[in-house]
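Reading through the structure tokens given below for one structure.
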Amino acid sequence: MFSFHRIKYLFLITVTLFFLSACTGGSEEPKVDISVFLSSASEFLDVGQFQAAIIESRNAIQSAPDDARGHISLAEVYIEIGQSKEATKLLEPLNASSADFYLTLAKGYLRSGKLRSAGDVLTANAAVFAARETDYNLLKAELEFARGRFEDAKEAFEVVLVSDGQNTDASMGLARVDVAQREFDVAEAKVDEVLVQEPENATALLFASSLQARKGNLLAAEDRLMDAVAATPSTDI
């Protein structure tokens, strides 16, 4: 039989364990879901509403300071509006290892003119990009183009088109290579193909305008330029 003192002892242990469990559970802060902020920031970025994208990205950072996704989202906006140095300053202190993180950091370095740093990021983390192969190859091609290695850039753009024949970024990249190698007619043909796919592609329209101006077809260049202006979204910056 249990003695009174033994029952009292077991009771005290049970109560103590209960309160310890309650204290431990209460010390854990609930995880904040910032996906709504990130989704809104991405949508605003796509339509050129950069101020709103910045606000939503900062909301994500404020809600979850240790979550790298909010910082990456803000860095993407900075890069888009030409503040690439601010983007890299934001990302460099982070302890992150996702493909999104490395791609955004490399792009920030590239757009800041830090070609060696961009190359180091891509080379050191190549295995991470398996699920983002298209984005990796596009960025690699941009880097090679910036270095003046046009054949290497061409090869990287062509790798993208092998897996995604409708990728207009790769097609426009090849057109840029053609112009750099003074293959203007070849470049024009590629741009025309892009415009068949996407008649309101502002980048392609601007490129087509510059090619027509180079040939001395100023009226055609003006028409393309006006089409590009009409196709360019209205932005708040």
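The values are calculated or read from the model by the stated rules, or taken from the named source; none is laboratory data. Small disclaimer: the values here were computed from a predicted structure and weren't measured. All Cβ positions, glycine included, derive from the backbone under ideal geometry; neighbour counts span all protein chains shown. For the accessible areas, the whole protein counts, side chains as well, though only heavy atoms, and no ligand, DNA or RNA atoms are used. Shrake-Rupley method; radii C 1.70, N 1.55, O 1.52, S 1.80 Å.
Summary table below
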item	result
Cα Rg, Dmax, region 168-220, angstrom units	10.1, 28
Protection proxy ranking, peptides 138-148, 37-47, average beta carbon neighbours within 10 Å, highest first	138-148, 37-47
Unit charges on C-beta of K, R, D, E only; dipole of region 31-163, Debye	420
As computed over region 67-142, the Cα convex hull volume per residue (Å³)	80
Unit charges on C-beta of K, R, D, E only; dipole of region 95-145, Debye	180
Sites A189 and T123, calculated FRET efficiency, Cβ-Cβ separation with R0 30 Å, nearest 0.05	0.35
Accessible area (Å², 1.4 Å probe, nearest 10) - L74	10
Residues D66 and R149, FRET efficiency given R0 of 35 Å [Cβ-Cβ distance, rounded to 0.05]	0.35
Relative contact order computed over region 31-95 (Cα-Cα under 8 Å; 6+ residues apart), in percent	27
Using distinct alpha-carbon pairs, which all enter the 1/r mean, Kirkwood radius of the chain in Å	21.2
Cα gyration tensor category, rounded, prolate or oblate, for region 142-205 with a/c compared to 1.5	oblate
Using alpha-carbon coordinates, inclination of helix 4-27 to the longest axis of the chain, degrees	20
Over 29 Å (Cα to Cα) - which of K89/K154; K85/K154; K89/K190; K140/K190; K85/K190; K89/K140 fall in this group	K89/K154; K89/K190; K85/K190
Whole-number percent relative contact order across the chain, with pairs defined as alpha carbons under 8 Å at least 6 apart	12
Shape category assigned to region 97-202 from the gyration tensor of Cα positions, a/c cut at 1.5	prolate
About the Cα centre, charge dipole magnitude for region 122-163 (Lys/Arg +1, Asp/Glu -1 at Cβ), debye	100
0 to 90° range, to nearest 10: angle between helix 133-146 axis and the chain longest Cα axis	50
Accessible-area composition of region 138-237, carbon plus sulfur, in percent [1.4 Å probe]	51
Relative contact order (percent, whole number), region 113-228, Cα cutoff 8 Å, 6+ residue spacing	15
Degrees, to the nearest 10: 99-111 long Cα axis against longest axis of the chain	40
Å² per residue, accessible surface of region 167-237 at 1.4 Å	57
Dipole of the chain [Lys/Arg +1, Asp/Glu -1 at C-beta], most positive-end residue of A230, S39, Y109	Y109
Solvent exposure ordering (accessible area, 1.4 Å, most first) of M172, M226	M226, M172
